[in-house]
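Step one of this worksheet: look at the structure below.
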Amino acid sequence: MKKNKEIYEELSKVYTDEELVEGYLINETLEPEEQKKAVEEFRRLRLERLKSMSEQEILISKVLQMKFLLKSYFQEDNFDPNFSFANQLKAYINITNRSNKEIAENLDIHPTKLSRILNEKENPNIELMYRLGKHSDEEIPAYYWWRIYSKQFENKIKTDLEKKLNETKKVKGQLDIRA
């Protein structure tokens, strides 16, 4: 099998670099009417494909979409409340098309505990994150769930100044490190 460099060297004997680029890149501009027709045809084909997808294919695509959104979110520095643990767990439950009770059974946790986590009355534990990873067939692994929660928790530490002040008042024997 020829390597790219070998192929390029052979083609460059016959064609200029500009001709090679034009030959391998789509460099066609369409008239506005043609452009409109192409977009409509693309939409029609896309809708046909969506209609022909099985429930399993739809589930897989939604889980992967969630995974990619999370990956993108992890690259950001700031916490986004839309990506709180509770909101992402709600989104996951919605994607699975199961009830909270059914998910609680699947994850072997009490439905009340799940409800408390979804309503941000209780914090998730590592065991739940392992179970969520397994539930998604590791497409959304446990450490993704941890990263969602840790970004939220980090934000709380940074912004809950009242709690910080109350807790710092309880400290005795503070180290004096400043020069």
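The values are calculated or read from the model by the stated rules, or taken from the named source; none is laboratory data. Source: prediction; values computed, not measured. All Cβ positions, even for glycine, are placed from backbone atoms using ideal geometry, and neighbour counts span all protein chains on display.
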Checklist entry - How many residues does segment 92-104 hold that are surrounded by 14 or more Cβ atoms within 10 Å (Cβ to Cβ) and assigned to a helix (DSSP H, G or I)? => result 7
Item to check | Evaluation of D80 against (1) out of contact with any Leu (no Cβ under 6 Å at 6 or more places or on another chain); (2) surrounded by 11 or more Cβ atoms within 10 Å (Cβ to Cβ); (3) in contact (Cβ under 8 Å) with a residue 24 or more places away in the chain (one fails), failing number | outcome: (3)
Next on the checklist: So in segment 132-179, with the set limited to residues that are among the small types (G, A, S) and either more than 24 Å from the chain's Cα centre (by Cα) or surrounded by 17 or more Cβ atoms within 10 Å (Cβ to Cβ) (or both), which one is modelled with the lowest pLDDT?
Outcome noted: A179
Checklist entry - Quick one: in segment 17-54, which of the residues that are of a type in the set (S, T, Y) and either outside any helix (DSSP H, G or I) or modelled with pLDDT under 85 (or both) is nearest to S136 (Cα to Cα)? => result S54
Checklist entry - Can you spot a residue in segment 105-125 that is assigned to a loop (DSSP other than H, G, I, E, B), surrounded by 14 or more Cβ atoms within 10 Å (Cβ to Cβ) and acidic (D, E)? => result yes
Checklist entry - Can you spot a residue in segment 55-62 that is assigned to a loop (DSSP other than H, G, I, E, B) and either surrounded by 11 or more Cβ atoms within 10 Å (Cβ to Cβ) or not small (G, A, S) (or both)? => result no
